[in-house]
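The values are calculated or read from the model by the stated rules, or taken from the named source; none is laboratory data. All of these numbers come straight from a predicted model, not from anything done at the bench. Quick reminder, even Gly has a Cβ in these numbers, built from the backbone with ideal geometry, and neighbours come from all protein chains shown. Just the protein is used for accessible areas: all its heavy atoms, side chains included, with ligands, DNA and RNA removed. Shrake-Rupley method; radii C 1.70, N 1.55, O 1.52, S 1.80 Å.
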Amino acid sequence: MKTLKLLAVLLSYPSADLVAALPEIARRLCAEPALRGATQDALAGLLAELKREDLLDLQERYVAQFDAGRSTSLHLFEHVHGDSRDRGQAMVDLNALYRQSGFVLAVNELPDYLPAVLEYLAGRPEAEVHDLLEDCVHILRAVGERLIAGGSPYAAVFAAVLDLHGAAPLAAAKDVAGGRVAQSLDDEWDEAPVEFGPNAAPHGVQQSRPQFIRFVPKNP
């Protein structure tokens, strides 16, 4: 699962340290057998852009891509709770999960920030990684396909996470452009809540023990 750490770095705010690490990131990603050929090609495109473009331009595009609107936000609970009070409790619960594992967030970093989630998972047992990714894979797919629709090379990172999870690939650009994935996350979610955390029950099985985080549809 060390590849998740590399993907977390790629999806983080561009910095001089990231640019300096690109050759090593490229070498390690090329050696990852779980990544599809198309995903490797897409990652190569992202790496080339990060290496080629001016750092300030990369930073401006990153902010415009991920911070200007909710549809491609890297904060997972934006897609679940929006600005409701439920998001605050979910943050507290996710922080508790991190503390139990000795995982420390960077200063001013929110716990539902996807690069932080991926970095946390990079150090967890395979079974836990599978369960947590399974619970939020619908969000990763929806955001990844929105990035494809917008022509963003960052879609490659989402494609890579899906590959590592063994999930179906992102829709092809022509399918996205044709509107096949235009529906909102709210329309895609089941009515039953999905648990996110080590106490989550197997899918379709209800249990009464405590849970950490629940991905649930937002109220209209």
Of (1) modelled with pLDDT of 95 or more; (2) under 22 Å from LEU170 (Cα atoms); (3) assigned to a helix (DSSP H, G or I), GLU60 satisfies every one except (2)
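So how many residues does the stretch 110-153 have that are open to solvent by 50 Å² or more (accessible area, probe 1.4 Å) and over 10 Å from the mean Cα position of the chain (by Cα)? Quick ask: steps written out before the conclusion?
The first filter runs over the stretch 110-153 and keeps only residues open to solvent by 50 Å² or more (accessible area, probe 1.4 Å), leaving 110, 119, 123-127, 130-131, 134, 141, 146, 149-151.
If we keep only those that are over 10 Å from the mean Cα position of the chain (by Cα) as well, we get 110, 119, 123-127, 130-131, 134, 146, 149-151.
Number satisfying all stated conditions: 14.
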Please give the number of the condition GLN40 fails out of (1) within 18 Å of LEU118 (Cα to Cα); (2) assigned to a helix (DSSP H, G or I); (3) polar (S, T, N, Q). (1)
Residue pairs qualifying under the 9 Å Cβ cut-off, at least six apart or on distinct chains, with the first in the stretch 28-42 being farther than 13 Å from PRO153 by Cα and the second being part of a loop (DSSP other than H, G, I, E, B) and hydrophobic (A, V, I, L, M, F, W, C), are LEU29/LEU35
Looking at the stretch 106-127, which of its residues are without any contact (Cβ under 8 Å) to a residue 40 or more places away in the chain, farther than 14 Å from LEU76 by Cβ and among the aliphatic types (A, V, I, L, M)? ALA106, VAL107, ALA127
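Give the number of residues within the stretch 23-37 that are over 19 Å from the mean Cα position of the chain (by Cα) and not in a loop (DSSP other than H, G, I, E, B). Give the steps one after another, and end with the answer.
First, pick out the residues of the stretch 23-37 that are over 19 Å from the mean Cα position of the chain (by Cα): 23-24, 26-28, 30-31, 33, 37.
With the extra rule that they be not in a loop (DSSP other than H, G, I, E, B), the set shrinks to 23-24, 26-28, 30, 37.
Number satisfying all stated conditions: 7.
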